[in-house]
Every structure is written in C-alpha cells, then in structure tokens.
Amino acid sequence: CGAATGAERLLLEKKSPYNTILVSEDDNGLRILRFEPHGARQSVVKLGDPDHLELPYTRAIPVAFVFVEKPQSVLVVGLGGGTIPGFLRKRFPDMRIDVVEIDPGVVEVARSHFGFREDARMHAYVTDGRQFIERAGRLYDIVFLDAFGTDSIPYQLVTREFLAGVRRALTPRGVVIGN
C-alpha cells in the first residue's frame, strides 16, 4: 500500500477513539489517509474526481456490476476517505448507499478533507459493522467489505457469524465484494 513519500504534505494529524488519523496530500493532488505515520494508505482520493481509483483493490469495484447490473441498494462496511461511496454515487445517483464506519473520527475527516457528502439516499452510520449487519433489517444488492485497521481486518468482521449475517442481508441476486 505504500508509505509516505517526501513529496507528501501533512494536512492533519488527530487522535480518534480507534486510530491516529493522518491526512496528507501529494504533488499530484491526491489526498491520502493513514492510521499511523509512514503506514499503509487506507484511502487515496483525487478531490473532485470520483472516477479516480488510485489503489489497486478499488479498481475491482466495477466487477460487482457484472453480477448485479442495476443495483438499487448497497452497503459499504468501512468508509476511509469515501472512495467507494463517491464512485458509486456518481455512477448510480438514485441508488441507496449505506456506509458503516466504527470510527467517528474517520467519518469527520472523510467529510472535512476528502469531499465525502451524504445526501437523501446516502448515509454514513457510525457503528460497528457487525452490529449494523445484525440489526439492519434491510437487504442489499451489493455489500462491499472494506474495513481495515493498520495491518488487519477487525476480528469481528472475519467471523463465521458475521459472514452469515452478511449473507442474510443480501437480496436473492446480491453479491459481496471484499477487499
């Protein structure tokens, strides 16, 4: 995922309940989210260009649309800088997009530094992804699992019980895409 380069300027460093959040910007105008100095890039966003998918795993997002041609509802577990929700909103302006992020600091920084904007059909929920899945009561055409800490997936999101909950949250034609 790459460490910080000398060409990056630190824009923000703040403590949250779960992380040390660092936001930097490089000479190409890319905003970068990290959870530790010189750590992995959690998110990379080119402000004003939601089609720009910098990190290799984000380029796999369109694969979901091979399986679900016209999704009506999507759940994204893990917000980061909002790359996935931003891409989806541009492509599918009428789709319902629910985003779940456990760290309120990440949601705040996505809004303040990465251009993440909620609207009538896109909402960020600050809660644990597993609890949200278990209580949601909604069905989704696509679930994107994109919740990572500095070096691993949170334990509660890799259990058999969580994955069974994700399955129950899918429409009959629904798919799960995991990072």
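The values are calculated or read from the model by the stated rules, or taken from the named source; none is laboratory data. In this text the structure is predicted, and so the values were computed from the model without any measurement. Using ideal geometry, Cβ is built from the backbone for each residue, glycine included, and neighbour counts are taken over all protein chains shown. Note: accessible area is taken over every heavy atom of the protein model, side chains too, but ligands, DNA and RNA are not part of it. Shrake-Rupley method; radii C 1.70, N 1.55, O 1.52, S 1.80 Å.
Computed per residue of the chain from DSSP H runs no shorter than four, each worth -39500 (n - 2.57), the mean residue ellipticity at 222 nm is -6000 deg cm²/dmol. Normalising the average separation of contacting C-alpha pairs (under 8 angstrom, six or more residues apart) by the number of residues puts the relative contact order of the chain at 20 percent. If a spin label sat at a point 7 angstrom from the Cα of F67 along the line to its beta carbon, the backbone N atoms of the range 159-179 nearer than 15 Å would be those of 163-179.
Work through the residues other than V126 whose Cβ is under 10 Å from its Cβ and net out their charges, Lys, Arg +1 and Asp, Glu -1. Overall, the nearby charge balance is -4. Just to confirm a number: summing +1 for Lys and Arg and -1 for Asp and Glu over residues other than G78 whose beta-carbon lies under 13 angstrom from that of G78, what do you get? So the environment of G78 carries a net charge of -4.
Only beta bridges with both residues in the chain are counted; by DSSP, about 45 percent of them are antiparallel. Pairwise inverse Cα distances across the range 28-76, averaged and inverted, put the Kirkwood hydrodynamic radius at 12.8 Å. Of the listed values (1) 66; (2) 70; (3) 55, identify the label whose number matches percent of Cα pairs over 19 Å apart calculated from this model. Matching entry in (1) 66; (2) 70; (3) 55: (3). Say a paramagnetic label sat at a point 7 Å from the Cα of R121, along Cα to Cβ; which residues of the range 160-179 have their backbone N under 18 Å from it? Only 171 pass the distance filter. As a length-normalised measure over Cα pairs under 8 Å and 6 or more apart, the relative contact order of the range 39-96 settles at 42 percent.
The mean accessible area for residues of the range 31-162, using a 1.4 Å probe and ignoring ligands and nucleic acids, is 47 Å² per residue. Converting phi to 3J(HN,Hα) with the Karplus coefficients 6.51, -1.76 and 1.60 and the offset θ = phi - 60°, the range 81-97 yields x, x, 4, 5, x, x, 4, 5, 4, 5, 6, 10, x, 9, 6, 7, 10 Hz in sequence order, with x at every glycine or proline. Annotation: aspartates and glutamates with alpha-carbon distance below 16 angstrom to K14 (same-chain offsets under eight excluded): E25, E36, D103, E108. Within the accessible area of the chain, the carbon and sulfur atoms contribute 52%, probe 1.4 Å, all protein chains present. Between the helical axis of 104-113 and the longest alpha-carbon principal axis of the chain there is an angle of about 60 degrees.
The length gained by stretching the chain between E108 and L11 to full extension, at 0.36 nm per residue less their Cα-Cα distance, is 33.5 nm.
In this structure the amide hydrogen of V100, modeled in the peptide plane, comes within under 5 Å of the amide hydrogens of V76, V77, G78, Y125, none closer than 5 places in sequence on its chain.
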